[in-house]
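Peer 1: Below: one structure in C-alpha cells.
The values are calculated or read from the model by the stated rules, or taken from the named source; none is laboratory data. These numbers come from a predicted model, not from an experiment. Cβ coordinates were reconstructed from backbone atoms using ideal geometry, including for glycine residues, and neighbour counts include every protein chain displayed. For accessibility, only protein heavy atoms count, side chains too; no ligands or nucleic acids. Shrake-Rupley method; radii C 1.70, N 1.55, O 1.52, S 1.80 Å.
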Amino acid sequence: MKHHQLTIMTRLIAAAFLPALLFICANGQQKPPGKNEGEAKEAKAPMLKHEYAEVNGQRLHYVTAGKGKLIMFVHGFPEFWYEWKNQLAEFGRDYQAVAPDMRGYNLSSKPAEVEQYHVKYLVEDLRALAKKLGHKKFILVAHDWGGAVAWAFAIAHPDYLEKLVIINAPHPGVFQRELRDNPAQQKASQYMLMFRSAQAEQILSANNYAALVQAVLGPGLKTGVFTEADKQAYLEAWSQPGALTGGLNYYRAARVGPPTGDDKQAPNFAAGLGSLEVKVPTLVVWGEKDTALLTGNLEGLDKFVPNLTIKRIPDGTHWVIHEQPALVNEYIRDFIKGN
C-alpha cells in the first residue's frame, strides 16, 4: 500500500477512535492488580483469576472475580478482557464478575473462517460460558461490539437475563435505520468499510501496529495517560497470532457499515433473529461525544426496548467506561439493584 494511502487510512481510524481513547487509563497488563495500588484498595478489591473454558467449540479465556450471582462484562474492538478491570474490581465484591476475551481476541480461540464470527455464534459463546459457570440467569453488561452481541443475546434469550446494560453500542434495528437514513452516521462509520477490506490487517499492523498505536495510544503516551507498559500490553494483545484478523472478522461477517454502491441496503447485524424487541429491563449508558456512534442511535430506541432507562454522559466519549469508571459503575449498580 502506498504511503499516502496508509496516511489517509490512519487518519480515518484516528477520527473514529482517537478522541475517545485519549482518556483510557487502564494498566493494560494481563495480571491482577499488584500491591503497589494502595493498601485500602487492595484490601477491598477481589482477586482476579485467569481461567479457560471449552464452550461452543471454542476455548475462551476469561477473568473472574468474586462469587455470587453472575454479572458478565463483554468487550468490543479493539480491546480485550482488560477493558473491564475497574468493573471486575467493583462488582467482584458482591457478584461473580466475569470478563471474557471474545472469540478471535487475545487469548481465546481464533477460528479462521469469517462465517464463524456471525453474531449467532457469538451469542451462543456467551450462553454456553454462563452455563459452564453454573448460571442459568445473569446480568449482561457490554460495550461496542460486545454490546452488539449483547443486544442480540437479549433478543434471542430473554429468559437467561435478569437485566441488560449497554454502553455506547447501538440496537440493531436503530443502527440499521441510522446507517440507511442519517448522513452523519454514514460518514462516522466509513472506517468500518476499511475494517472489512482485505487491506485492513496490513494497514493496522504495518510498522509494528503504528496506525493502531497512533490512533489508540499516541497522544496519551505523550501526556502520561498511557505508559510504555500499557503500549506493550496492547501490542501483546494485538500481536497474538490471528487476533487482529479475529477482531476485524466481526465487521466482515456482519457486513456492517454504511451502504455502498454494491450494498445499498444497510445491514442488520442481528439478521435472522426475527423480532428485534428486547423483553429485558435495559439500561443504556451513552457518552454523547462518541464520534463513531452518534446520539441518533438513542432516538426511537424505546420502540424496541419497552423497559428502558437511558443515562447520557454529555462529556463522555465512546470510551466513557475508562474516562469515568466511578460514574459508570454507579449507574450500573443503581440499575441492577432497582426493581
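Peer 1: Only one residue in 83, 79 is in contact with a His (Cβ under 6 Å, 6 or more places away or on another chain) and modelled with pLDDT under 95, so which one is that?
Peer 2: Going through 83, 79 in turn, the sole match is 83.
Peer 1: State whether one or more residues within region 142-152 are touching a strand residue (DSSP E or B) at 6+ places or on another chain (Cβ under 7 Å), farther than 16 Å from residue 78 by Cα and in a loop (DSSP other than H, G, I, E, B).
Peer 2: no
Peer 1: Which of (1) outside any helix (DSSP H, G or I); (2) of a type in the set (A, V, I, L, M, F, W, C); (3) open to solvent by 20 Å² or more (accessible area, probe 1.4 Å) does residue 165 not meet, given it meets every other one?
Peer 2: Failing condition for residue 165: (3).
Peer 1: How do the pairs read when you match residues in region 313-339 that are basic (Lys, Arg) with residues anywhere that are open to solvent by 20 Å² or more (accessible area, probe 1.4 Å), using Cβ under 9 Å and keeping only pairs 6 or more apart or on different chains?
Peer 2: Taking only residues 6 or more apart or on different chains, the pairs are 333/90.
Peer 1: Is at least one residue of region 93-108 touching a residue at least 40 places away in the same chain (Cβ under 8 Å), open to solvent by 30 Å² or more (accessible area, probe 1.4 Å) and assigned to a helix (DSSP H, G or I)?
Peer 2: Among the residues of region 93-108, not one is touching a residue at least 40 places away in the same chain (Cβ under 8 Å), open to solvent by 30 Å² or more (accessible area, probe 1.4 Å) and assigned to a helix (DSSP H, G or I), which makes the answer no.
Peer 1: Right, next: Right, residue 260: modelled with pLDDT of 95 or more, within 19 Å of residue 194 (Cα to Cα) and of a type in the set (Val, Ile, Thr) or not?
Peer 2: Working: modelled with pLDDT of 95 or more: no; within 19 Å of residue 194 (Cα to Cα): yes; of a type in the set (Val, Ile, Thr): yes.
So residue 260 does not fit the description; no.
Peer 1: Hey, any hits in region 59-73 for a residue that's touching a helix residue (DSSP H, G or I) at 6+ places or on another chain (Cβ under 6 Å), modelled with pLDDT under 95 and of a type in the set (Phe, Trp, Tyr)?
Peer 2: Checked region 59-73: no residue is touching a helix residue (DSSP H, G or I) at 6+ places or on another chain (Cβ under 6 Å), modelled with pLDDT under 95 and of a type in the set (Phe, Trp, Tyr).
Peer 1: Further question on the same structure: Find the residue count for region 47-79, including only residues that are open to solvent by 70 Å² or more (accessible area, probe 1.4 Å), more than 19 Å from residue 122 (Cβ to Cβ) and touching a residue at least 24 places away in the same chain (Cβ under 8 Å).
Peer 2: Residues flagged as open to solvent by 70 Å² or more (accessible area, probe 1.4 Å), more than 19 Å from residue 122 (Cβ to Cβ) and touching a residue at least 24 places away in the same chain (Cβ under 8 Å) within region 47-79 amount to 2.
Peer 1: Go through (1) closer than 27 Å to residue 296 by Cβ; (2) open to solvent by 40 Å² or more (accessible area, probe 1.4 Å) and name the single condition residue 153 misses.
Peer 2: (2)
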